[in-house]
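The values are calculated or read from the model by the stated rules, or taken from the named source; none is laboratory data. What you see is a predicted model, and the numbers here were worked out from it, not measured in a lab. Cβ atoms come from the backbone with ideal geometry, glycine included; neighbour counts cover every protein chain shown. In case anyone asks, the SASA skips ligands and DNA or RNA and just uses the protein heavy atoms, side chains included. Shrake-Rupley method; radii C 1.70, N 1.55, O 1.52, S 1.80 Å.
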Amino acid sequence: MASETRTTQITEKSTNDLFQRYDALSVDDKLALLYYLYEAMGNSITPAAPEAADPELAEPLVEALFDLSEDEQLEAMRKVVRKEHSDISERYGGLSANNQLLVWYGWAKAMGNQIVGMPSDYQAEGPVNDILSAIKGLEFESQISLLREAATQMGFSNVTAPPPLAETGTTDSL
C-alpha cells in the first residue's frame with residue numbers, strides 16, 4: 001500500500017519532500033525528532049516571529065502537562081501528534097501556527113524537568129537521524145517552514161481549512 005502524501009503549504013519542493021518523510025514517521029519518532037530539533041536549534045526558533053506568537057495563549061497549554069504523570073504527559077503529546085480528541089489536543093488545535101510552535105518549544109525546553117524526558121533506552125533509528133541531518137542542512141527559513149507545517153498538521157479541531165491555493169488557483173479574499 002502506497003503511503004499517503006499530505007498536502008502542505010510548503011512551496012519549496014525539497015522542503016516539502018523532507019516534510020513528507022517526516023510525516024511518514026511513527027508518532028514516537030515524530031516526538032523524538034521534534035525534541036532533537038528544538039534541542040539542536042535552541043533559541044533560534046522563538047525569534048522566527050516573536051510578535052506573532054502570544055505567550056499568554058501558549059504558556060497555559062505548556063504548563064497543562066506539568067500536573068500530569070509522566071505516562072499521561074507522553075500520551076497527551078501523542079494525542080496531539082495523532083490529532084485525537086482530548087482537552088489538550090483540542091486546545092492546541094485552536095492555536096495559531098506560531099503559538100503551536102511556541103507550545104512545542106515550551107514542551108521541548110521542559111523535557112527532562114517538568115515534562116517527561118527522552119527515555120534512556122530510546123535509540124533514534126536511521127530515518128530519524130537522516131531526516132534530522134537533512135533538516136539541519138536547510139536554510140533557517142526552510143527549517144521554520146517545515147516546523148510550522150509539522151505543528152499545524154497536529155492537534156484536534158472540528159474546523160476544516162479551505163483547500164490550499166495550489167489546489168484551487170483562487171484565494172478566499174474579496
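Which residues, taken from the range 86-97, are of a type in the set (Gly, Ala, Ser) and more than 20 Å from SER26 (Cβ to Cβ)?
Restricting attention to the range 86-97, the residues satisfying the condition of being of a type in the set (Gly, Ala, Ser) are 86, 89, 93-94, 96-97.
Hits for the range 86-97 are GLY93, GLY94, SER96, ALA97.
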Practice problem: Could you tell me whether ARG91 is part of a helix (DSSP H, G or I), under 23 Å from THR8 (Cα atoms), open to solvent by 70 Å² or more (accessible area, probe 1.4 Å) and at pLDDT 90 or above? | Solution: yes
Exercise. Could you grab me the full set of residues in the range 62-85 that are part of a loop (DSSP other than H, G, I, E, B) and either open to solvent by less than 90 Å² (accessible area, probe 1.4 Å) or within 22 Å of ASP29 (Cβ to Cβ) (or both)?
Key: LEU65, PHE66, LEU68, SER69, LYS83, GLU84
Quiz item: How many of the residues making up the range 132-165 are assigned to a helix (DSSP H, G or I), closer than 17 Å to ARG6 by Cα and at pLDDT 85 or above?
Solution: 8
Quiz prompt | Residue list for the range 115-147, filter: under 16 Å from the mean Cα position of the chain (by Cα), open to solvent by less than 70 Å² (accessible area, probe 1.4 Å) and closer than 27 Å to LEU61 by Cα | solution = VAL128, LEU132, ILE135, SER142, GLN143, ILE144, SER145, LEU146, LEU147
Quiz item: Within the range 100-114, is even one residue exposed (fewer than 14 other Cβ atoms within 10 Å of the Cβ) and on the phi < 0 side of the Ramachandran plot?
Solution: yes
Quiz item: Do you know which of the residues in the range 118-129 that are in a helix (DSSP H, G or I) and touching a residue at least 24 places away in the same chain (Cβ under 8 Å) is nearest to LEU34 (Cα to Cα)?
Solution: VAL128
Quiz item: If you scan the range 8-40, which residues turn out to be over 13 Å from LEU146 (Cα atoms), out of contact with any strand residue (DSSP E or B) (no Cβ under 8 Å at 6 or more places or on another chain), at pLDDT below 90 and not small (Gly, Ala, Ser)?
Solution: TYR36, GLU39
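Mind listing whichever residues of the range 90-116 are small (Gly, Ala, Ser) and within 15 Å of PHE66 (Cα to Cα)?
Within the range 90-116, GLY106, ALA108, ALA110, GLY112 qualify.
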